[in-house]
Structure formats: structure tokens, C-alpha cells
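We did not get these values from a lab; they are worked out from the coordinates using the rules stated. Everything numeric here is computed off the predicted structure, so don't read it as measured data. Cβ sites come from the backbone with ideal geometry, for glycine too, and all protein chains shown count toward neighbours.
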């Protein structure tokens with residue numbers, strides 16, 4: 001199975017303005033004319049199109065009136081040179097083209113490209129459609145009139161679509177879509193990877209994502225400060241070292257998972273299995289008494305205690321070094337007692353699911369910000385923690401994760417497509433690992449167990465979050481590659497975690 005990112009992500013991920021600044025610096029420092037960069041971009045996009053769709057005989061290129069249109073004109077010109085039947089559908093006002101885009105327009109004209117003015121009755125029967133409508137100049141405003149109609153025409157055609165730089169209608173900075181956006185089969189982006197391509201709606205709309213720096217010197221990237229960077233699994237795994245020959249279980253911590261209200265005993269079981277498989281020395285579960293037998297039958301390595309109340313839990317909290325609180329916890333009086341006892345310990349915490357919901361409802365005092373916890377909300381939980389709507393969280397996931405970290409301290413993991421990690425240090429980290437197969441119950445429980453297991457082995461909250469999030473996604477990608485994403489279960493990841501850890505920690 002091919003993932004959306006078919007390349008090793010560069011470390012730095014940029015906003016649209018930052019990429020434009022890189023473009024300006026390249027023009028001034030390397031002496032590359034703007035039209036030359038445009039021609040490079042068009043050629044890269046054209047070659048990517050030929051590779052992805054080798055049997056195409058006809059192409060329809062939809063152009064706006066900005067530099068994105070200029071890239072599209074170059075694609076059209078190169079197609080004409082190859083004797084491919086090509087036409088440009090001019091949606092934007094050609095009289096508004098800047099000098100570089102105008103030069104590309106004239107280049108396409110000189111190559112004999114057929115230009116057609118946009119009208120809603122256009123029949124779209126080309127083998128491949130090229131989207132060069134809006135580019136990074138579009139932010140999150142409303143798309144109206146002929147541009148909206150053109151995007152609707154492209155999407156309704158069901159034709160393979162190449163988006164140049166980014167799908168039109170997608171915000172390059174946030175990954176949000178205000179109204180409508182092109183759903184591409186392939187997106188080729190240039191100069192710097194725009195962070196919105198990798199989170200929010202970005203992964204769903206980009207299709208296969210490819211990147212080319214257009215021969216711009218990589219050293220110039222240090223001149224533009226990026227607030228977001230990508231996570232690299234191999235690099236983040238270096239936080240753990242191979243084990244000494246005389247190692248014993250006490251060296252690798254004790255994770256206690258607290259959760260599993262009535263009928264939800266599977267959630268803490270999945271978390272404790274994940275903690276064990278990433279290498280925690282000891283694992284235990286504190287849960288409703290009725291779940292004890294089932295958990296022991298499935299995972300005899302776990303120490304399982306039935307706790308009917310917070311008072312019964314209290315003496316057990318002297319043993320663990322890390323607590324994972326929330327899997328299957330529910331929101332009952334029992335749930336509140338479990339969380340309250342955990343918060344009193346001062347131990348490193350991973351909080352998930354209903355532990356987060358109880359906190360967001362203000363039912364317990366958390367003692368304010370904490371340095372030694374990892375919060376792992378999905379967008380709905382994040383919205384409750386911030387007192388806003390899920391739509392507002394998804395409109396700018398970067399701002400949301402930073403706001404959560406500022407309010408609650410520690411490290412915050414905002415789950416979803418393009419999971420984000422924010423700690424006390426400046427900047428946000430993004431994981432491009434993972435796939436739609438992870439949209440099934442229990443995935444968050446597995447992640448919380450991974451994080452707890454890594455904390456138990458001595459990683460800091462930031463190290464555990466950055467490594468754990470990528471490890472979780474990589475395990476899901478491995479399952480998808482072997483068995484497919486559809487029907488993936490959270491427990492499918494657990495044995496793969498064992499394999500991956502031993503591949504990484506050598």
C-alpha cells in the first residue's frame with residue numbers, strides 16, 4: 001500500500017508566506033529568475049504526471065490568474081511538445097497575470113496549446129485534469145462563482161487529477177477547507193513543504209504527495225524560521241539505547257493503566273499490552289473487579305487489581321513509576337475517584353479519553369498546569385478542553401495544540417490525520433505516519449500505552465510523545481502494507497510494535 005507521502009519529509013514545514021520568502025531569497029541569492037523557477041516547477045509536475053499516468057493521451061489544465069496558473073501553463077506547453085492533446089481552461093482573468101505567469105502563458109500559446117474560456121457547459125473528457133487554479137495565495141476565504149463551479153466540475157468528473165503545489169481550496173497554513181477544495185489523485189509541491197498538506201483535510205485531498213525543491217540551495221532554509229517540523233522515526237528512536245546484557249525488569253519502569261469502567265475492560269487491556277510491547281519492565285492494571293479475570297486470561301504478564309473505589313486504589317499507587325489514566329474510564333463517580341487519586345500522586349501521567357473529558361468538565365481540580373503529563377486528545381476532546389467547537393479546532397490544528405499546551409502545560413498530542421505534538425519548547429512537531437485504517441475503536445488506547453511504556457523507560461515527556469506518536473503510526477502503516485487498511489483493529493498493532501522496536505533499537 002502506498003502512503004500519501006512518497007518521499008522522506010524534510011525537517012522543516014512552512015506556511016505559504018514562508019515559502020514565498022524562500023522563493024524570494026532563492027531569486028535574489030542564487031540569481032534564479034522567477035520565470036525559471038516557474039518552468040522548473042512546471043517540468044517537475046509534468047514529469048510526475050507522466051510517471052503516475054503513463055498512458056494518458058489528453059490533458060485538461062485548469063488555470064487561475066496567479067503564479068500557480070503559470071506552473072499550469074508550463075505543464076500544458078510541455079504536454080503539447082510531447083504531442084499530447086492538451087487544452088487550458090482559463091478560469092481566472094488572464095489580464096491579471098503577473099510577468100512570470102504571463103511569460104508562461106505566452107510559452108504555452110507558442111507551443112500551440114488550445115485555450116478555452118471557462119463556462120459551466122464545458123465537457124471534461126480528458127484522461128487527466130491538472131488543477132492550477134488557486135495555489136498558496138488562497139487562504140481560508142469563501143470560494144465563489146466560477147472558481148467554485150470549476151472545482152465542482154473537476155471533482156464531479158472523477159478524472160485523475162494532478163494539483164500543482166496544493167489542491168485548490170486547501171489552506172496551505174492550516175490544512176483546513178472553508179467550503180470546497182479539489183480532491184487530487186497526486187499533488188506535487190515545491191520549494192518547501194507546506195504544513196497544511198499534512199494535517200487536517202490535507203492528507204485526504206492531496207492523494208499521493210511529492211516534493212521537489214527546484215534546485216534551490218537547502219542552506220537557504222536556515223534563513224527562514226519554521227515553527228513546525230516533521231517527526232522522523234529513526235531519529236526519535238535514538239532516545240532509547242540498546243539494553244545492557246545484565247539488564248533487569250526494574251531498569252525499565254512500571255506502568256499502571258487505570259481505567260475500564262463497567263463494560264469497557266478491553267481499553268485498559270490494549271493500553272497495557274502496548275506498554276509491555278514497547279519495553280516497559282512491569283505492567284499492571286487497576287480496573288473494575290469484574291474485568292480482572294478476562295484481562296488475566298488474555299495477558300498473564302499483567303498484574304491486575306480490581307478496585308471498587310478510589311480508597312482501594314490508593315495503596316496500589318506506591319508501586320508504579322508511570323500512570324496511564326483514561327482508557328475505558330467512563331464518567332461515573334468511580335471514574336472521578338480513579339482520576340483524583342492518580343492526580344494526587346505526582347507521578348508522570350498519560351491522560352486519554354474520559355480522563356480528559358472529566359478535566360474539561362471542571363469536575364476535579366488538576367492543580368493547574370503540570371510539566372510531567374502527556375495529554376492525548378482527539379479533536380472533540382481538544383474542543384472540550386479549550387471550550388470551543390470541534391470545527392474551530394480543525395480550522396487551525398496548529399493553533400489549537402499550542403493553546404492546549406499553554407493552558408495545561410506538559411506535552412499535548414492532538415490526534416488525527418497529521419498528529420501534532422506540542423511541548424514547552426518552541427515549535428510544533430508533525431507526524432505524517434498513519435493511515436485511515438486507524439479510524440477504529442481502541443487506537444487511542446494503544447497510543448496511550450505506548451507513551452506510558454516509553455516514559456517508564458526513562459524518556460522525557462517530549463521524547464516519549466515524539467517517538468511514540470510516530471511509532472504508533474508506523475505500526476499501523478506496516479499492518480496496512482501487509483493486510484490492508486480496511487478492517488484494521490487496534491490490537492493488530494500490538495505485535496507489530498514488538499517487531500518495530502527491535503528493528504529500531506539496535
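Below are the figures for this structure:
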| item | result |
| --- | --- |
| Dimensions in Å of the range 247-504 - Rg and Dmax from alpha carbons | 16.7, 48 |
| Span from the the range 121-162 Cα centroid across to the the range 432-506 one, whole angstrom | 37 Å |
| The range 247-504, relative contact order in percent, only Cα pairs under 8 angstrom and at least six apart counted | 20 percent |
| Packing rank of 267-274, 162-169, 77-84, 238-245, where each peptide gets the mean count of other beta carbons within 10 Å, highest leading | 267-274, 162-169, 77-84, 238-245 |
| Rounded if a/c under 1.5, otherwise prolate or oblate - the range 359-462, Cα gyration tensor axes | rounded |
| Virtual spin-label span in nm between residue 491 and residue 215, 7 Å along Cα→Cβ | 5.6 nm |
| Relative intensity, log₁₀ I(q)/I(0), of the chain from a Debye sum that treats every alpha carbon as a point, q = 0.11, 0.13 Å⁻¹ | -0.90, -1.11 |
| Label-point gap, in nm, between residue 111 and residue 344 - each point 7 angstrom along Cα→Cβ | 7.3 nm |
| Contour minus Cα-Cα distance for residue 53 and residue 388 (0.36 nm per residue) | 116.2 nm |
| Length added when fully stretched, residue 369-residue 227, from 0.36 nm per residue minus Cα-Cα | 48.8 nm |
| Cβ-based exposure ranking for 373, 118, in which fewest neighbours within 10 Å come first | 118, 373 |
| Whether the range 204-338 is rounded, prolate or oblate, judged on the alpha carbon gyration tensor where a/c under 1.5 counts as rounded | prolate |
| Protection-proxy order for peptides 224-232, 397-405, 186-194, each taking the mean of Cβ atoms within 10 Å per residue, highest first | 186-194, 397-405, 224-232 |
| The range 12-230 - convex hull of alpha carbons, volume per residue in Å³ | 108 Å³ |
| Helix-derived mean residue ellipticity, 222 nm - over the chain, DSSP H n ≥ 4, -39500 (n - 2.57), to 500 | -12000 deg cm²/dmol |
| Sorted by Cβ density within 10 Å, fewest first, the residues 466, 318 | 318, 466 |
| Equivalent ellipsoid semi-axes - Cα gyration tensor, the range 22-106, angstrom | 23, 16, 9 |
| Ranked packing of 141-153, 443-455, most packed first, by mean Cβ within 10 Å | 443-455, 141-153 |
| Rg over Rh, two decimals, the range 214-276 (C-alpha only, Kirkwood Rh) | 1.24 |
| Antiparallel DSSP beta bridges within the chain, percent to nearest 5 | 15 percent |
| Extension reserve of the residue 123-residue 24 stretch, reckoned as 0.36 nm per residue once the Cα distance is removed | 31.8 nm |
| The range 161-278 - Kirkwood radius from inverse mean 1/r over Cα pairs (Å) | 18.5 Å |
